[in-house]
1. Excluding GLN50 itself, what net charge comes from residues whose Cβ is under 12 Å from its Cβ, given Lys and Arg +1 and Asp and Glu -1?
2. In debye to the nearest 20, how big a dipole does segment 5-81 give about its Cα centre with +1 on each Lys and Arg Cβ and -1 on each Asp and Glu Cβ?
3. Restrict the search to segment 17-71; then list the trypsin sites (Lys or Arg not before Pro) that DSSP places in a loop and that have at most 11 other Cβ atoms within 10 Å of their Cβ.
4. Quote to one decimal, in nm, the extra length available between LYS52 and GLU7 on full extension: 0.36 nm per residue of separation minus the C-alpha distance between them.
5. Please list the non-local residues whose amide H lies under 5 Å from the amide H of ALA19, H modeled 1.01 Å from N, same-chain partners needing a gap of 5 or more.
6. Go through segment 24-82 and name the GluC sites (Glu not before Pro) that are in a DSSP coil and have 16 or fewer other Cβ atoms within 10 Å of their Cβ.
7. Per-residue HN-Hα couplings for segment 49-66, Karplus 6.51 cos²θ - 1.76 cosθ + 1.60 at θ = phi - 60°, whole Hz, x for Gly and Pro?
8. With springs only between Cα atoms under 10 Å, which of GLY18, GLY55, GLY40 fluctuates most in a Gaussian network model of the chain?
Amino acid sequence: MNATFVETWDELDAAERGAVMACIREDEVVSLVARCPGCGEMTTIDLEDQFKLTGFPTLPTLDAPVRHSCGWSGKLTNGVWK
Ligand SMILES: [Zn+2]
């Protein structure tokens with residue numbers, strides 16, 4: 001599933017499962033908010049201690065699997081959830 005990056009909360013609200021918004025502070029991406037690829041709920045991915053993001057914004061990749069409370073888990077690799 002493609003992780004479509006959006007820029008505003010409204011776009012994220014209207015987006016499909018798997019969509020992602022980057023929260024940027026002082027030119028650094030501090031967290032991602034994603035529509036869970038499994039259930040579509042919003043989930044926050046904190047990049048300050050749990051995850052490392054590389055390749056943003058063209059081929060975003062997280063160094064560890066994301067787990068959501070619905071039971072879904074997967075990895076973001078080169079802009080694709082697997
Ligand atoms: Zn979920």
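1. Counting the neighbours of GLN50, the net charge comes to -2.
2. Dipole about the Cα centre, nearest 20: 440 debye.
3. Sites meeting the loop and neighbour criteria: LYS52.
4. This chain segment gains 14.2 nm when fully extended.
5. THR4, ARG35
6. Here the sparse-neighbourhood loop sites are GLU26, GLU41, GLU48.
7. With coefficients 6.51, -1.76 and 1.60, one gets 9, 7, 10, 10, 9, 10, x, 6, x, 7, 10, x, 9, 9, 7, 9, x, 9 Hz.
8. Of the options given, GLY55 has the highest mean-square fluctuation.
Taken together, the values in this text are just the output of simple stated rules run on the coordinates, not laboratory data. Note that the structure is a prediction, hence the values are computed from the model and not measured. Here Cβ is always computed from backbone atoms with ideal geometry, including for glycine, and neighbour counts include all displayed protein chains.
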